[in-house]
1. Can you tell me how many residues in the stretch 275-319 are over 14 Å from S334 (Cα atoms) and either among the charged types (D, E, K, R) or within 9 Å of the ligand (Cβ to nearest atom) (or both)?
2. Can you confirm whether the stretch 266-289 contains a residue that is crowded, with 18+ Cβ neighbours inside 10 Å and of a type in the set (S, T, N, Q)?
3. Residues of the stretch 282-293 being on the phi < 0 side of the Ramachandran plot and either modelled with pLDDT under 85 or under 20 Å from the mean Cα position of the chain (by Cα) (or both), which ones?
4. Please determine, by comparing only the residues of the stretch 112-157 that are near the ligand (Cβ under 10 Å from one of its atoms) and of a type in the set (A, V, I, L, M), which one is modelled with the lowest pLDDT.
5. Of all residues in the stretch 244-281, count the ones that are at pLDDT 90 or above and under 17 Å from A302 (Cβ atoms).
6. If a residue has to be crowded, with 16+ Cβ neighbours inside 10 Å and in contact (Cβ under 8 Å) with a residue 40 or more places away in the chain to count, how many in the stretch 303-326 make the cut?
7. S187 passes all but one of (1) at pLDDT 90 or above; (2) under 18 Å from D38 (Cβ atoms); which number fails?
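The values are calculated or read from the model by the stated rules, or taken from the named source; none is laboratory data. Only a predicted model underlies this, so the values are computations on that prediction, with no experimental measurement involved. Here the Cβ positions follow ideal geometry from the backbone for every residue, glycine too, while neighbour counts run over all protein chains shown.
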Amino acid sequence: MNNRLADLTERVKARLNAIKDPISGKGLFTAGRVTGLDARADGKVSFTIEAPRDVADLYAPVRDRAEEAARGIDGVTAVIAVLTAETTAKAPAQNGGGVGRVKQIIAVASAKGGVGKSTVAVNLACAFASLGMKTGLLDLDVYGPSAPTLLGTGAKKPRMRDDKMLEPLAAHGLKTMSIGYLVDPGSPMIWRGAMATSAVRQMIDEVAWGDLDVLLLDLPPGTGDVQVSLVQRVPLAGALIVSTPQEMALADVRRGLAMFEKTRAPILGVIENMAYFETPDGKRTHIFGEGGARRVAAEAGAPFLGEIPIDIALRESCDAGAPLVATQPEHPVSKRFREIATTAQANVARMNKPAPTIRVK
Ligand code: ADP
């Protein structure tokens, strides 16, 4: 089994190496143009072609040829070949590229998908903006980017500036970037971690974020290696964990805590989403159970930041690409988001205080 996989990988390598790198004339593999090669037992193969950024256009046909060559291999059932431009010059901080001028970076994470992590991230970002902070939102969910839908930016594409920096899209008072802006909606979203790495690097280093007070990172759901390597790329001021009461298990929070421990980022708090449903007469029903997140946060020693109810207006605003906090600031749920944002900021300040220095005379 393992032998067969190793054999398949070798055959893909050989095929790709038979294609010449247009710059060096060497085989693509030898020239170091292929990264993240992954071959699966079911015959799915994926890899990235890294083109020098100034001549990236030259490599579109190379990518096509590489994909075709891999597809022709016996035992290969599907091929995903992604083309990315490699960074030759480091993003110059003085022209606003990269995150050098971002005062604080906060990751928004969840142990599972579908708990409303992106909904919370977008509305919290709007809440930070409403507190007068210059705010950015970076949607790093490479498996299912949601910023284009939630912010109503849809199929808009970011502009490439003369200095090759991508201009983030402006929406609802936020600067935003998403993998969803960079790839066509029709192309497969089943990129594996390694494949997504260079796209992610581009979104961090080669975007003209400029001066920001806070940049929120909407991480892919889960607490695995992909997430860890993402959060290790940038200095975090802290992390927020989103969960529903039902899925809130101590083990989930522990996994979240362990993940951020590796990065030494403080946990700013746990947010319980879909906490309850309130009928117009004010009666609350705890559909997914009551108080789970609060209890577990306390047990795990993490601050509890608050509850967001199941709310029709919140759901509708997501579908309409018009974040509730930005478009209906007076709504009680918007108020809740602003309270959570305020507490999160207090925790950023408290948890990032420099350790007292001990002078020895
Ligand atoms: P995740 O990012 O965790 O996968 P999403 O933010 O995409 O989850 O939310 C999943 C779905 O649940 C979306 O359709 C969203 O509109 C809806 N949703 C999230 N939070 C709430 C809430 N508090 N009330 C009602 N609908 C919600």
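1. Keep residues of the stretch 275-319 that are over 14 Å from S334 (Cα atoms), which gives 275-305, 319.
Applying the additional criterion that residues be either among the charged types (D, E, K, R) or within 9 Å of the ligand (Cβ to nearest atom) (or both) yields 275, 277-278, 281, 283-284, 290, 294-295, 299, 319.
So the answer is 11.
2. Yes: the stretch 266-289 contains one or more residues that are crowded, with 18+ Cβ neighbours inside 10 Å and of a type in the set (S, T, N, Q).
3. Taking the stretch 282-293 first, the residues on the phi < 0 side of the Ramachandran plot are 283-288, 290, 292-293.
Within the stretch 282-293, I287, F288, E290, G292, A293 meet the criteria.
4. Filtering first and then ranking leaves V115.
5. Residues in the stretch 244-281 being at pLDDT 90 or above and under 17 Å from A302 (Cβ atoms): 8 in total.
6. Number satisfying all stated conditions: 11.
7. It is condition (1) that S187 fails.
Yes/no matrix, rows are residues, columns are (1) acidic (D, E); (2) buried (at least 19 other Cβ atoms within 10 Å of the Cβ):
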residue: P61; (1), (2): no, no
residue: D74; (1), (2): yes, no
residue: I106; (1), (2): no, yes
residue: V115; (1), (2): no, yes
residue: S130; (1), (2): no, no
residue: M133; (1), (2): no, no
residue: K156; (1), (2): no, no
residue: R159; (1), (2): no, no
